[in-house]
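Chemist: Mind having a look at this structure? Questions to follow.
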Amino acid sequence: MKKKLLCIALAFVFTVGLGLTAQAEDLALPAPSCILMEKDTGQILYEENAHEKLRPASVTKIMTLLLIFDAIAQGKIHLEDTVTTSEYAASMGGSQVFVEEGEIQTVETLIKCIVIASGNDASVAMAEFIGGDEGTFVKMMNERAKGLGMEHTKFIDCCGLTDSPEHVTTARDIALMSRELITKYPQITNYTTIWMENITHVTKQGTKEFGLSNTNKLLKMATNFEVTGLKTGSTSIAKYCLSATAKKDGVELIAAIMAAPDFKARFKDAVTLLNYGFGN
C-alpha cells in the first residue's frame, strides 16, 4: 500500500496556501519503494512502501563505508595504512576494481574504489582489514544498523553481492544509514563527488593504471541542485537501487530508491523526489 507523509510545514503550505493536500499519485514514480528525508532533522517528506524489505545490492556498501569511517575516527585505522588483498577478496565477482591476491593498496585508495567504482573486492579487503574476516565485519554491520534503528535490515555480506534472500533492507533504513554517514562524516563527499580517477595496480605482473568511473550518473545530470552522493546498487534480483544526496540553499536531502525497473528510472525518480523536496 502506497502512502505519503508530508512534514508539518509542507502540509500547512498545501492546506492553507493552496486549499488542498497532494495525493499519493502526484509523483507517479516507477520504483515501488522510496523515501525522501531531510538530513538535519530526519524529517520524512515523502514515502512509498518505505518499510518494504527488499534487496539493496551495492547500496549495502553505505554501511561498509560507515564502519570504515568509524574505525578512522576511533584511530583504529588511518587513510595512509596499507591493506594486503587476500585470495578471497580478490575472488569477488560483480563490480570490481581487479585488485589481485597479495596486492597492497592504501585505505584511502580502497575507499575510492568502493565509493566511485563500487568495488566488491575492495569492500571485502577493507572488511577483512577492520574485522579480521568478512563474517566478523558483517556482525559489526548488523550491530551498527540496530543502533541506528534500522529495524528491517539484515546484512549477509559487506558488499551486496550475495544472492541470499535474507540480505534485505528498506528505503527508510537506507535513508537512516545514509544520514548517519553524511552527518557524522561529511568528508565522505570528498570521494562521492569524484567523477573519474585513476589508481595504480602494483602486482607481480608489473605496474598498470586502472580508471575508476563513478556509478552515480546523477553527478553529470543537469539539475537545479548540487548532487553530493551517495551510492548506487543493482543486481538482477534487486533491480536498480540508489541513495541520492543533494543540497540547495542550505537544505540537504536524502532520496532512497529501491527496485527501480531500469538504470535510468532510479536516477529519474531521485531527481523527481529531490525536486519535490527542494521545490516545497
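The values are calculated or read from the model by the stated rules, or taken from the named source; none is laboratory data. What you see is a predicted model; the values in this text were computed from it and never measured. All Cβ positions, glycine included, derive from the backbone under ideal geometry; neighbour counts span all protein chains shown. Surface accessibility is based on the protein's heavy atoms, side chains included, excluding ligands, DNA and RNA. Shrake-Rupley method; radii C 1.70, N 1.55, O 1.52, S 1.80 Å.
Chemist: Note the angle between two axes, namely the Cα long axis of helix 120-131 and the longest principal axis of the Cα atoms of the chain, as a number of degrees from 0 to 90, rounded to the nearest 10.
Modeler: 80
Chemist: What do you get for GluC sites (Glu not before Pro) in the range 201-280 restricted to DSSP loop and a cutoff of at most 12 other Cβ within 10 Å of the site's Cβ?
Modeler: When the GluC sites (Glu not before Pro) of the range 201-280 are filtered for loop state and at most 12 Cβ neighbours within 10 Å, nothing remains.
Chemist: Averaging over all projection directions, find the projected area of the Cα convex hull of the range 23-144 and quote it in nm² with one decimal place.
Modeler: In nm², the orientation-averaged hull projection of the range 23-144 is 9.2.
Chemist: On average over all directions, what projected area in square nanometres does the range 72-187 have, based on the convex hull of its Cα atoms?
Modeler: With the hull built on Cα positions only, its mean projection is 7.1 nm².
Chemist: With respect to the cross-link table entries Lys53/Lys112; Lys61/Lys154; Lys217/Lys264; Lys112/Lys248, which display a Cα-Cα separation exceeding 19 Å?
Modeler: Too far apart for the 19 Å limit: Lys53/Lys112; Lys112/Lys248.
Chemist: Let me ask you something else. Let me know the shape class of the range 134-270, please: from the alpha-carbon gyration tensor, a ≥ b ≥ c as square roots of the eigenvalues, rounded when a/c is under 1.5, otherwise prolate if a/b is greater than b/c, or oblate.
Modeler: Here the range 134-270 falls in the rounded category.
Chemist: What full-extension length gain, to one decimal in nm, is calculated for Asp262 and Lys154 as 0.36 nm per residue of separation minus the Cα-Cα distance?
Modeler: Here the segment from Asp262 to Lys154 would lengthen by 36.4 nm.
Chemist: Taking K and R as +1 and D and E as -1, what net charge do the other residues with C-beta under 11 Å from the C-beta of Thr109 add up to?
Modeler: Values: positive: Lys112; negative: Glu80, Asp81, Glu103, Glu108, Glu197.
For residues surrounding Thr109, the net value is -4.
Chemist: Given H placed 1.01 Å from N in the peptide plane, which residues other than close sequence neighbours of Val168 have an amide H under 5 Å from its amide H?
Modeler: Those lying under 5 Å, H to H, from Val168 are Lys154.
Chemist: Quick one: grab the alpha carbon gyration tensor of the range 175-230, order the square roots of its eigenvalues as a ≥ b ≥ c, and give me rounded if a/c is under 1.5, else prolate or oblate depending on whether a/b is larger than b/c.
Modeler: oblate
Chemist: Could you work out what % of the accessible surface of the chain is carbon and sulfur, using a 1.4 angstrom probe and leaving DNA, RNA and ligands out of the count?
Modeler: Answer for the chain: carbon and sulfur cover 53 percent of the accessible area.
Chemist: On a 0 to 90 degree scale, rounded to 10, what angle separates helix 61-73 from the longest Cα axis of the chain?
Modeler: The answer is roughly 70 degrees.
Chemist: Between beta-carbons, use under 14 Å as the cut-off and find the net charge around Lys39, counting Lys and Arg +1, Asp and Glu -1.
Modeler: Overall, the nearby charge balance is -2.
Chemist: Right, something else. Quick one: which residues, 5+ away or cross-chain, put their amide H under 5 Å from the amide H of Thr106? H built at 1.01 Å from N.
Modeler: When sequence neighbours closer than 5 places are left aside, the close amide H contacts are Val83.
Chemist: What accessible area per residue comes out for the chain, rounded to a whole number of Å², with a 1.4 Å probe?
Modeler: Details: 12230 Å² over 280 residues.
Accessible area per residue: 44 Å².
Chemist: In debye to the nearest 20, how big a dipole does the range 44-160 give about its Cα centre with +1 on each Lys and Arg Cβ and -1 on each Asp and Glu Cβ?
Modeler: Magnitude of the dipole: close to 400 debye.
Chemist: Continuing with this model, one more query. If N is the number of residues in the chain, what value comes out of its Cα radius of gyration divided by 2.2 N^0.38 Å?
Modeler: Rg over 2.2 N^0.38 Å, computed on Cα atoms: 1.00.
Chemist: Now, a different point. Once you order the gyration tensor axes a ≥ b ≥ c over the Cα atoms, which shape class does the range 200-250 get: rounded for a/c under 1.5, otherwise prolate or oblate by comparing a/b with b/c?
Modeler: Here the range 200-250 falls in the oblate category.
Chemist: Further, regarding this structure: About the Cα centre, and with charges only on the beta carbon of Lys, Arg (+1) and Asp, Glu (-1), how big is the dipole of the chain? Nearest 20 debye, please.
Modeler: 760
Chemist: Quote the relative contact order of the chain in percent (integer), defining contacts as alpha-carbon pairs under 8 Å separated by 6+ residues. Numbers along the way, then the final one.
Modeler: Working: 574 pairs, mean separation 64.7, N = 280.
Relative CO of the chain lands at 23 percent.
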